[in-house]
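First comes the structure, then the notes that go with it.
The values are calculated or read from the model by the stated rules, or taken from the named source; none is laboratory data. Everything numeric in this text was worked out from a predicted model, so none of it was measured. Quick reminder, even Gly has a Cβ in these numbers, built from the backbone with ideal geometry, and neighbours come from all protein chains shown. Side chains included, ligands, DNA and RNA excluded: accessible areas come from the protein's heavy atoms. Shrake-Rupley method; radii C 1.70, N 1.55, O 1.52, S 1.80 Å.
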Amino acid sequence: MSLRERYTEYERRRTAKFSRRLPRWRTRRHRRVLAVAWSLFPVFLVVVLLTDLRGTGWFLPLWLALYAGWLSVWGLLRVLTAALVETLSPSLDERQRELRDRAIFLGYQFGLLTLLPLLAYLLLNQRSPDLGINASILLAIAFVVLAAAPTALLAWVLPDDHPEDFQDQ
C-alpha cells in the first residue's frame, strides 16, 4: 500500500470518527447557533482590544479566555461538520466534495475581506507606539477567521443528519 493510499484510508477513518460524535447535536439548528456564536467572537475580541484594558491587568486573561472559547466553538463546528473542510477529495463523495469546495471558496473570499480592515488599521496607525502589539493581536484574530470561516459556512448550509445513520451505534 502506498503512502497516498494509507493517508486516504486514514482520512476515511478520521471522517467516520468525526461523523459519529455528538449525534444529537447534528442538526441545522445547533450548527447555526454555533456558527453565529463563532462569528461573534472576533467582534468581542476586537472590542476588548479597543477598550484598552492593558493597564488594568484584565486584558490578557479576558482576551485569552475569549480566544480559547472561540477555538472551542471552532472545534465543535469541526466535529459537527465531520471535518469535511479539512478532508482530502478521495475520502469524500461527490456531494461532500461539492459542499467542501464551495465552503472553501467562500471562506477564502470572506477571509480576504476580513484582511482589508486590518490593512487599513495598519496603514492609518503606522506611527502608533502600540502598533506592534495591536497588529499581532489582530493578526491572531485574522488567522482564525481565515482558517475557520469555511467550517462555519459549511455548518450554516449543511442539512440535518438523518437519525437512521446513528441507529447502529
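Details
- Out of VAL79, VAL43, VAL73, VAL85, sole residue that is assigned to a helix (DSSP H, G or I), of a type in the set (A, V, I, L, M, F, W, C) and exposed (fewer than 14 other Cβ atoms within 10 Å of the Cβ): VAL43
- In the set (1) open to solvent by 40 Å² or more (accessible area, probe 1.4 Å); (2) modelled with pLDDT of 80 or more; (3) farther than 17 Å from ASP160 by Cα, the condition left unmet by ARG4 is number (2).
- Residue check for ARG95: free of Cβ contacts under 8 Å to residues at least 12 places away in the same chain and either within 23 Å of LEU153 (Cβ to Cβ) or among the acidic types (Asp, Glu) (or both): yes
- Residue selection: ASP130 fails the criterion of being closer than 26 Å to SER19 by Cα and open to solvent by 40 Å² or more (accessible area, probe 1.4 Å).
- Within segment 11-24, the set of residues being more than 12 Å from LEU92 (Cα to Cα), open to solvent by less than 100 Å² (accessible area, probe 1.4 Å) and either free of Cβ contacts under 8 Å to residues at least 40 places away in the same chain or touching a strand residue (DSSP E or B) at 6+ places or on another chain (Cβ under 6 Å) (or both) comprises just one member, LYS17.
- If you go through segment 147-163 and pick out every residue that is assigned to a helix (DSSP H, G or I) and either crowded, with 17+ Cβ neighbours inside 10 Å or touching a Lys or Arg at 6+ places or on another chain (Cβ under 7 Å) (or both), you end up with 9.
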